[in-house]
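The values are calculated or read from the model by the stated rules, or taken from the named source; none is laboratory data. Bear in mind that the values here come from a model prediction, so they are computed numbers and not experimental data. Note: ideal-geometry Cβ built from the backbone for every residue, glycine included; neighbour counts use all protein chains shown. With ligands, DNA and RNA removed, areas are computed over all heavy atoms of the protein, side chains included. Shrake-Rupley method; radii C 1.70, N 1.55, O 1.52, S 1.80 Å.
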Amino acid sequence: MTDPCFTEKELMSVDNALALLLAKAQPVDEIEYADISNTLGRILAQSQTSTLNIPTADNSAMDGYAFAYRDIHAQGETRLSVSQRIPAGQAGHPLLPGTAARIFTGAPMPPGADTVVMQEHCRVEEDRVIIQHPIKSGQNVRRTGEDIAAGTIILTAGTKLRPQDMGLAASVGLAQLPVYRTLRVAIFCTGDELVAPGNPLAPGKIYNANRYTLTGLLRALGCEIIDLGIVPDNLAATRTILAAAARQADIVITSGGVSVGEEDHVKAAVDGLGHIDLWRIAMKPGKPLAFGTIGSTPFFGLPGNPVSVFATFCLFARPFILRRQGMINVLPQTVYVEADFDWPKAGHRREYLRARLATAEDGKTRAVIFANQSSAALSSVSWAQGMVTIPEGHTVQRGQMVRFIPFTELLA
Ligand code: AMP
Ligand code: MG
């Protein structure tokens, strides 16, 4: 994939890289029907229309008494005898003129009644209810179809299903929903220095953090993970595992080995198996990013630095995965907040500063940044609630508005 705005020597902008990636992200075409209780976080494959009006009939919004408004005296009290009792789940009878029905929340209005008085607002004497003005015609009645009219679309294709969407589907009687198949994502981490936690750490070794960051990120997106472990820094091993990963998965994601050092074998390993582009992206952390295909399987080679892995995954792999899963809106909703810091030196690359939000007594929400913004300091990401972006060539003075990407947007 060659981009006209980019040559090997130059940096590619984040936006440009994202546009190139999303242009390649085709949704999986397999759809399955899932019981609604199993659809949390799945992507809806076809828009859903309600065949019902909700409510299906006029019903009472209160525990109280239902009557015809025209039976109420214009002034003072009205006494109506109570001629029937309608609990939720039962249908009443036509209301005898000049009488009221004892009615409960959710019970259908009996034919002839149009108004409900709540029980706290009336008196009962023997079998009569005494209703006091003021009363508004039609009060405390939920109208047929006022929530959902039959024939309206209740859920749009490409939506990530949330608990309230599951409830909404159930409320119109849908037992199953068509959703896109879950994506299988293969991951492995390159590096002779890597040791799995739980084992002793010999001199020169480090624990494999990226495996767990990636596992968590992918779980949060609802992916099935094929974990191929740690791969040593040699060409043959990298090539073998890449080929195996691509055979099993819809997407392959690796960490490390994508720079151009002697110990970076990912690019050479992909050559011969498929196609790869090494991008130098104008972002900090996370400059190198490899993207390509092995056979027909898309491949992301993320950098090795733990913060870069997190940032490049969130900015590039995440929207790509979501789009392949069939989701329409794949970009995070960002907010603008005041900077509670100075950023005096403009950079060539867009900064993604790990930050927290603090709301002060003046009602303003301000972003505070972590002291150590190194791309190796994973504690910055763990501390943060999101990332403040500083565009290329910009500085920031305390009090200026900056863009904040909440992690809740990226990880939910
Ligand atoms: P690389 O891109 O392979 O040169 O790695 C860049 C830096 O990230 C090096 O300091 C590596 O030791 C570190 N690194 C690479 N992979 C991991 C990993 N899985 N977990 C933690 N750190 C890593
Ligand atoms: Mg390495």
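Tell me, which residue of segment 203-215 that is open to solvent by less than 60 Å² (accessible area, probe 1.4 Å) and free of Cβ contacts under 8 Å to residues at least 60 places away in the same chain is nearest to residue 252 (Cα to Cα)? Quick ask: steps written out before the conclusion?
The first filter runs over segment 203-215 and keeps only residues open to solvent by less than 60 Å² (accessible area, probe 1.4 Å), leaving 208-210, 213-215.
Still in the running and free of Cβ contacts under 8 Å to residues at least 60 places away in the same chain: 208, 215.
Numbers: 208: 18, 215: 13 Å.
Looking at residues that are open to solvent by less than 60 Å² (accessible area, probe 1.4 Å) and free of Cβ contacts under 8 Å to residues at least 60 places away in the same chain, I get 215.
Looking only at residues of segment 270-289 that are touching a strand residue (DSSP E or B) at 6+ places or on another chain (Cβ under 9 Å) and over 27 Å from residue 372 (Cβ atoms), we find that the one that is surrounded by the fewest Cβ atoms within 10 Å (Cβ to Cβ) is 275.
Contact annotation: residue pairs with Cβ atoms under 9 Å, 6 or more positions apart or on different chains, pairing a residue in segment 2-28 that is open to solvent by less than 60 Å² (accessible area, probe 1.4 Å) and modelled with pLDDT under 90 with a partner that is part of a loop (DSSP other than H, G, I, E, B) and among the small types (Gly, Ala, Ser), are 6/13. Can you give me the number of residues within segment 299-312 that are buried (at least 24 other Cβ atoms within 10 Å of the Cβ) and in a strand (DSSP E or B)? Residues in segment 299-312 being buried (at least 24 other Cβ atoms within 10 Å of the Cβ) and in a strand (DSSP E or B): 3 in total.
Scanning segment 260-267 for any residue that is closer than 18 Å to residue 12 by Cβ, open to solvent by 30 Å² or more (accessible area, probe 1.4 Å) and either of a type in the set (S, T, N, Q) or not in a helix (DSSP H, G or I) (or both) turns up at least one such residue. Looking only at residues of segment 220-235 that are more than 16 Å from ligand 2 (Cβ to nearest atom) and outside any strand (DSSP E or B), we find that the one that is farthest from residue 261 (Cα to Cα) is 222. Looking across segment 173-201, the residues that are more than 14 Å from ligand 1 (Cβ to nearest atom), open to solvent by less than 70 Å² (accessible area, probe 1.4 Å) and farther than 18 Å from residue 37 by Cα come down to 183, 185, 186.
Selection of strands (runs of 3 or more DSSP E) fully inside segment 12-107 by the criterion of at least 1 residues being closer than 30 Å to residue 332 by Cβ returns 31-35. Screening residue 217 with (1) within 15 Å of ligand 2 (Cβ to nearest atom); (2) aliphatic (A, V, I, L, M); (3) part of a helix (DSSP H, G or I); (4) within 21 Å of residue 377 (Cα to Cα) gives one miss only, at (1).
From the list 341, 320, 370, 313, the lone residue that is free of Cβ contacts under 8 Å to residues at least 24 places away in the same chain and of a type in the set (Phe, Trp, Tyr) is 370.
Is segment 304-322 home to any residue that is over 20 Å from residue 230 (Cα atoms), away from ligand 2 (no atom under 16 Å from the Cβ) and charged (D, E, K, R)? Yes, that holds for at least one residue.
Scan segment 378-401 and give yes if some residue there is aliphatic (A, V, I, L, M) and within 16 Å of ligand 1 (Cβ to nearest atom), otherwise no. Checked segment 378-401: at least one residue is aliphatic (A, V, I, L, M) and within 16 Å of ligand 1 (Cβ to nearest atom). Scanning segment 176-193 for residues that are under 21 Å from residue 307 (Cβ atoms) and in contact with a Gly (Cβ under 8 Å, 6 or more places away or on another chain) turns up 188, 189, 190, 191, 193.
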